[in-house]
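Remarks on the structure that follows.
No value in this document is a laboratory result; all are computed from the given coordinates. Please read these numbers as outputs of a predicted model, since none were measured by experiment. Because the Cβ atoms are built from the backbone with ideal geometry, glycine has one as well, and the counts that use them run over all protein chains shown.
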Amino acid sequence: MRLVLDAGALIGLDRNDRHVVGLIALARRGEAELVTVAPIVAQVWRDGARQAHLARALPMINVFDVDLEMARWAGELLRGTGGADVVDALVTLLVRPGDQILTSDPGDIGKLLVTRAVRATVVAV
């Protein structure tokens, strides 16, 4: 199983939110791989000197780059949902059947997953 992290999850890590930190610790104990996409990091990263919790957490997260093919898939996914949030679409493309996704936007992420026909557990943070 993998734990897919959106911006809300990384913000929770940055703020040392007990709920988010606990969910991630539980996933790590279960040997889940933590994953996200680079644009998610861009959404939340502002100042490494002031974001110590996030800076410490990033090395344990597999951060995927976005290439042209993935960008096209994200656009097609948004066309299918009528959505507009490119970063939500990109992070949703990482989700595999059986994964869990930590998100502050469960409604939009849920729609994207339905459009992709991928069964995953959406956890609101």
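Taking amide H as placed 1.01 Å from N in the peptide plane, A120 has its amide H under 5 Å from the amide H of G98, each at least 5 places away in sequence or on another chain. So for the chain, averaging the separation of alpha carbon pairs under 8 Å that are six or more residues apart and normalising by length, what relative contact order in percent results? 33 percent. Placing +1 on the Cβ of every Lys and Arg and -1 on the Cβ of every Asp and Glu, with nothing else charged, gives the chain a dipole about its Cα centre of roughly 320 debye.
The protection proxy used here, the mean number of other Cβ atoms lying within 10 Å of each residue, ranks peptides 70-82, 10-22 as follows, highest first: 10-22, 70-82. Shape summary of the chain, radius of gyration then Dmax from alpha carbon positions: 13.8, 41 Å.
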